[in-house]
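**Q** Please see the structure below; I have some questions.
The values are calculated or read from the model by the stated rules, or taken from the named source; none is laboratory data. None of the values given here were measured: they were computed from a predicted structure. Backbone-built Cβ (ideal geometry, glycine too); neighbour counts: all protein chains shown.
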């Protein structure tokens, strides 16, 4: 096993903390030196980046790195949001991939892991990151997406009526954007064929079973199969977790470790459910995320390097972003999973918990059950945010980073990262954010900081070692969807709670 500290260059999806600071925390746990772009090359709130500057930075950084992880959305379009809004000609955007060819020509020995997103079809009205016409026609586009999928799969459909409900110039613009992005996906596949990119993850963002996203994924998978590249290219649900997963993969590869991961779920049948915002069963998402991090699924926890304990999609479904009032569910499944986690820990198995019971936040019953079972201090990972793909990838990245932790400093960084995820996914997304959504009030970081500090105190170990850095709470994109805050290790006389 290689014990030297690898240098990994990451061009992230965008500037949000989950794509930058969170990955840096995982790198600290794994003993990786992470190179991120300077702040000036990652503008906030979806403003397109300096593409020439990004290309120069990436090539320079790669020259002294042991591995490179690249968001194609950031490299080619200047960001995640920019990739949805671009109207640039395809020839112009394709040329920006050439920096990867230059990196490969200069450093044939450096692994390059690339990821790119497949454009979502958002269900609601409201432009946000979409073109302005989504304000009035978002729901109609979602219906058209469903009807097109049905037509493309030989089922009864109502495409003409769905299309007639939207002004034709908007339809033409939207599908021109999707066509250009699909061509970019194929160009990325070609980079793997050329040997420029070692692995490619095509992340299916915010999809449903019947959608044009699903059709496009199937088209891409047919080409991947024809080319015999299924071991190097995969299409699977996710997006914001990819930088963390692939950076951790680079650290594992440098250490010569291909982790064996055992899946633990007390209701295996529930893994056949399709989580909100996804188009395949959760079991498939787990398998793809394990493969993306370079792991191997095994059946026996006793033979595993890491156990992924999954709290599967619950019934009735809940989405903590759809409103403050969500249905109650019995807590028995959460209690049983916490007990099983304790048993695995007693058998000296590292356990990472992936809570995909709900969308956009944690199941509060599970967090309390984990706390009461006394397992939080020894968890190898925990995640419960946004989509199932985001959560599963994040929990795996934490757990696999923990496998590489070799000293007290790295273990302390792991405890900080674990606490941060608990406070974000449970404390903010499930709890504090509900108040903001219910009241519709202005974003007040000071109020949220006080509430999060109180919730932090409820968690007990290992969270009791940390406090929120005063004044660090903010809303990086000026919206309640995500939050940013910093944790500091509490020393004597440095307790802010």
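**Q** Looking at 201, 207 in this structure, which one is touching a helix residue (DSSP H, G or I) at 6+ places or on another chain (Cβ under 8 Å), in contact (Cβ under 8 Å) with a residue 12 or more places away in the chain and either surrounded by fewer than 15 Cβ atoms within 10 Å (Cβ to Cβ) or within 15 Å of residue 120 (Cα to Cα) (or both)?
**A** 207
**Q** From 87, 9, 93, grab the single residue that is in contact with a helix residue (DSSP H, G or I) (Cβ under 9 Å, 6 or more places away or on another chain) and in a strand (DSSP E or B).
**A** Sole residue among the options that is in contact with a helix residue (DSSP H, G or I) (Cβ under 9 Å, 6 or more places away or on another chain) and in a strand (DSSP E or B): 9.
**Q** Identify, from the list 262, 270, the residue that is touching a strand residue (DSSP E or B) at 6+ places or on another chain (Cβ under 6 Å) and surrounded by fewer than 24 Cβ atoms within 10 Å (Cβ to Cβ).
**A** 262
**Q** Condition test on residue 251, is it within 19 Å of residue 391 (Cα to Cα), modelled with pLDDT of 95 or more and either surrounded by fewer than 22 Cβ atoms within 10 Å (Cβ to Cβ) or outside the structural domain of residue 381 (by TED's automatic domain parsing) (or both)?
**A** The answer is no for residue 251.
**Q** Another question about this same structure. Return the residues of the range 172-184 that are out of contact with any helix residue (DSSP H, G or I) (no Cβ under 6 Å at 6 or more places or on another chain) and surrounded by 13 or more Cβ atoms within 10 Å (Cβ to Cβ); say none if nothing qualifies.
**A** Selection gives 173, 174, 175, 177, 178, 181, 184.
Conditions tested, residue by residue: (1) more than 22 Å from the chain's Cα centre (by Cα); (2) at pLDDT below 95.
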site	(1), (2)
178	no, no
184	no, no
187	yes, no
190	yes, no
195	yes, no
199	no, no
206	no, yes
212	no, no
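**Q** On to the next question. Among 326, 345, which is surrounded by fewer than 24 Cβ atoms within 10 Å (Cβ to Cβ), in contact (Cβ under 8 Å) with a residue 12 or more places away in the chain, in contact with a helix residue (DSSP H, G or I) (Cβ under 9 Å, 6 or more places away or on another chain) and in a loop (DSSP other than H, G, I, E, B)?
**A** After applying the criteria, what remains is 326.
**Q** While we're on this one: Is it the case that the range 105-118 has a residue that's free of Cβ contacts under 8 Å to residues at least 60 places away in the same chain, outside any loop (DSSP other than H, G, I, E, B) and either touching a helix residue (DSSP H, G or I) at 6+ places or on another chain (Cβ under 8 Å) or over 24 Å from residue 278 (Cα atoms) (or both)?
**A** Yes, there is a match, as at least one residue in the range 105-118 is free of Cβ contacts under 8 Å to residues at least 60 places away in the same chain, outside any loop (DSSP other than H, G, I, E, B) and either touching a helix residue (DSSP H, G or I) at 6+ places or on another chain (Cβ under 8 Å) or over 24 Å from residue 278 (Cα atoms) (or both).
**Q** Please find, among 243, 256, 225, the residue that is surrounded by fewer than 20 Cβ atoms within 10 Å (Cβ to Cβ), within 27 Å of residue 185 (Cβ to Cβ) and either touching a residue at least 12 places away in the same chain (Cβ under 8 Å) or not assigned by TED's automatic domain parsing to the domain that holds residue 302 (or both).
**A** Criteria check complete, one pass: 225.
**Q** Starting from residues that are out of contact with any helix residue (DSSP H, G or I) (no Cβ under 9 Å at 6 or more places or on another chain) and not in a strand (DSSP E or B), keep the ones in the range 310-321 and report whichever is surrounded by the fewest Cβ atoms within 10 Å (Cβ to Cβ).
**A** Result: 316.
**Q** Something else about it: So residue 70 fits all but one of (1) closer than 14 Å to residue 15 by Cα; (2) in a helix (DSSP H, G or I); (3) modelled with pLDDT of 95 or more; what number is the exception?
**A** Result: residue 70 fails condition (2) only.
**Q** Something else about it: Test residue 374 against the stated conditions and say whether it is in the same structural domain as residue 312 (by TED's automatic domain parsing) and within 18 Å of the chain's Cα centre (by Cα).
**A** no
**Q** For the range 348-364: of the residues being out of contact with any strand residue (DSSP E or B) (no Cβ under 7 Å at 6 or more places or on another chain) and surrounded by fewer than 23 Cβ atoms within 10 Å (Cβ to Cβ), which is nearest to residue 401 (Cα to Cα)?
**A** That would be 348.
**Q** Have a look at 213, 201, 145 and point out the one that is in a helix (DSSP H, G or I) and touching a strand residue (DSSP E or B) at 6+ places or on another chain (Cβ under 7 Å).
**A** Within the list 213, 201, 145, the selection yields 213.
**Q** Quick one: which helices (runs of 4 or more DSSP H) sit completely within the range 355-473 and have at least 1 residues that are under 17 Å from residue 314 (Cβ atoms) and either in contact (Cβ under 8 Å) with a residue 40 or more places away in the chain or touching a helix residue (DSSP H, G or I) at 6+ places or on another chain (Cβ under 7 Å) (or both)?
**A** 364-372, 388-404
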